[in-house]
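Comments concern the structure below.
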Amino acid sequence: MGLTIAVIVCTALPLTTGMQKGHVGLGIIGALITLPAAALLGCLGGLPVAVICSIIIQVIPSFERPLLSQAEIEAEMRRMRGY
């Protein structure tokens, strides 16, 4: 029971950090990296790995704007249709 709680808490740290910064993929990768350490060593091994992954995610700048604007999407759609 304690090991399950340790795994859930430790993997939740990088996952929630990634969601807050807009890097969901990095949060999932951080949680997957933290999972074996937490499963084998409990909180003593999982928390340091989770904190390191969360710090790495925090350092990477978040991006607020979409990859393409609506005008760029419409222009690309017209180009694909041959207009």
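The values are calculated or read from the model by the stated rules, or taken from the named source; none is laboratory data. Computed from a predicted model, the values in this text were never measured in an experiment. Backbone-built Cβ (ideal geometry, glycine too); neighbour counts: all protein chains shown. Just so you know, the surface numbers come from the protein's heavy atoms only, side chains and all, with ligands and any DNA or RNA stripped out. Shrake-Rupley method; radii C 1.70, N 1.55, O 1.52, S 1.80 Å.
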Listed values (i) 14.7; (ii) 7.9; (iii) 7.0, entry calculated as mean projected area of the Cα convex hull in nm²: (iii)
Tally up the carbon and sulfur contribution to the accessible surface of the chain as a whole percent, 1.4 Å probe, everything protein left in place. 73 percent
222 nm [θ] for the chain, helices only, -39500 (n - 2.57) per DSSP H run of 4+, per residue, to 500? -27000 deg cm²/dmol
Given Cβ point charges of +1 (Lys, Arg) and -1 (Asp, Glu) and nothing else, what value in debye, to the nearest 20, does the dipole of the chain about its Cα centre take? 140 debye
With axes computed from alpha carbons, what is the tilt in degrees of helix 2-21 against the longest principal axis of the chain, rounded to the nearest 10 within 0 to 90? 30 degrees
